[in-house]
1. Please work out which one of (1) modelled with pLDDT of 90 or more; (2) touching a strand residue (DSSP E or B) at 6+ places or on another chain (Cβ under 7 Å) is the condition Gly36 fails and give its number.
2. Tell me whether the range 194-203 contains one or more residues that are at pLDDT 90 or above, outside the structural domain of Gly96 (by TED's automatic domain parsing) and farther than 30 Å from Leu68 by Cα.
3. Suppose we filter Val117, Val141, Val111, Val166 for residues that are in contact with a strand residue (DSSP E or B) (Cβ under 8 Å, 6 or more places away or on another chain) and assigned by TED's automatic domain parsing to the domain that holds Tyr22; which single one remains?
4. Looking at this structure, is Leu53 among the hydrophobic types (A, V, I, L, M, F, W, C), over 20 Å from the mean Cα position of the chain (by Cα) and surrounded by 14 or more Cβ atoms within 10 Å (Cβ to Cβ)?
5. So, restricting to helices (runs of 4 or more DSSP H) that lie completely within the range 1-86, which ones have at least 2 residues that are assigned by TED's automatic domain parsing to the domain that holds Phe105 and without any contact (Cβ under 8 Å) to a residue 12 or more places away in the chain?
6. Could you please find all residues in the range 141-172 being buried (at least 18 other Cβ atoms within 10 Å of the Cβ) and of a type in the set (S, T, N, Q)?
7. Residues that are within 21 Å of Arg142 (Cα to Cα), hydroxyl-bearing (Ser, Thr, Tyr) and surrounded by 14 or more Cβ atoms within 10 Å (Cβ to Cβ): does the range 59-73 have at least one?
8. For the range 1-50, which positions are surrounded by 23 or more Cβ atoms within 10 Å (Cβ to Cβ), under 19 Å from the mean Cα position of the chain (by Cα) and within 19 Å of Arg108 (Cβ to Cβ)?
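The values are calculated or read from the model by the stated rules, or taken from the named source; none is laboratory data. Please read all numbers here as calculations on a predicted model, not as lab measurements. Positions of Cβ are backbone-derived with ideal geometry, glycine not excepted, and every protein chain shown enters the neighbour counts.
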Amino acid sequence: MMNRTILVVDDDKKIVQLVSLYLRKEGYRVLPAFDGQEALEIARSQQPDLIVLDLFLPELDGTDVCRLLRADSRVPIIMLTARATDEDKLLGLDLGADDYLTKPFNPRELVARVRAVLRRTLPDDDTNGELHFGDLAISLVRREVAAHGQPVSLTPTEFRLLETLVREPGRAFSRSELLDRAFGFDYDGIERTVDVHIMNLRRKIEPQPGTPRYIMTVPGFGYRFEGHHAA
């Protein structure tokens, strides 16, 4: 995890300085940015390993920065915001954020989130980032999925839920555990969205969504992935 580069974006220079101090103490290289346009330029030219991104920025809003980055990059993003409603969390998910932290926050907690997100988004060495289950192919490195030989377009939320399931085939996940394992932060009140995302996933990857072959329902509990990894 050491020597990884973190882009820290906030229009409050004191926050950038404080976060940078804590990250550097942990051995990370830090790139600062103070507005959205600068953040976008640095992200594209320096290709950091993770971005800490404030939601409300001058020049270019954090939501726009996230949306533009997600068009051509899978760099992990931790969003910072002064608001913490369910709608804000869902917005972050839909944009492709990997974590969500509400201001004011403890810098030590942010460092722990950075460490956790990097660990979660790095592919397993033994799989080389490539997983195959029957006619389903998943690339954890490229964040791509193919079903029946055809590429499948998944939202960031759908991909992370699928990735969590396929990393441990046969294991039953409750809805809350699935959210926690997939995103690593508190999703109080958003459990109800899991069923919707699973339904969409089945529609995209299952040969017959009505009688799923891969993503199975565990009645009264949650879901599990049924499949055997093939080399």
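1. (2)
2. Residues of the range 194-203 that are at pLDDT 90 or above, as a first pass: 198-203.
Imposing the further condition that a residue be outside the structural domain of Gly96 (by TED's automatic domain parsing) reduces the set to 198-203.
From the residues that got through so far, the ones that are farther than 30 Å from Leu68 by Cα too are none.
Within the range 194-203, not a single residue is at pLDDT 90 or above, outside the structural domain of Gly96 (by TED's automatic domain parsing) and farther than 30 Å from Leu68 by Cα.
3. On the way: Val141 fails: assigned by TED's automatic domain parsing to the domain that holds Tyr22; Val111 fails: in contact with a strand residue (DSSP E or B) (Cβ under 8 Å, 6 or more places away or on another chain); Val166 fails: assigned by TED's automatic domain parsing to the domain that holds Tyr22.
Checking each option against the conditions leaves just Val117.
4. Taking the combined requirement at face value, the residue does not satisfy it.
5. Qualifying helices (runs of 4 or more DSSP H): 13-25, 36-46.
6. Thr157, Thr164
7. In the first step, residues of the range 59-73 are kept if they are within 21 Å of Arg142 (Cα to Cα); the result is 65-73.
Applying the additional criterion that residues be hydroxyl-bearing (Ser, Thr, Tyr) yields 73.
Then keep just the ones that are surrounded by 14 or more Cβ atoms within 10 Å (Cβ to Cβ); that gives 73.
Yes, that holds for at least one residue.
8. Within the range 1-50, Ile6, Val8, Leu50 qualify.
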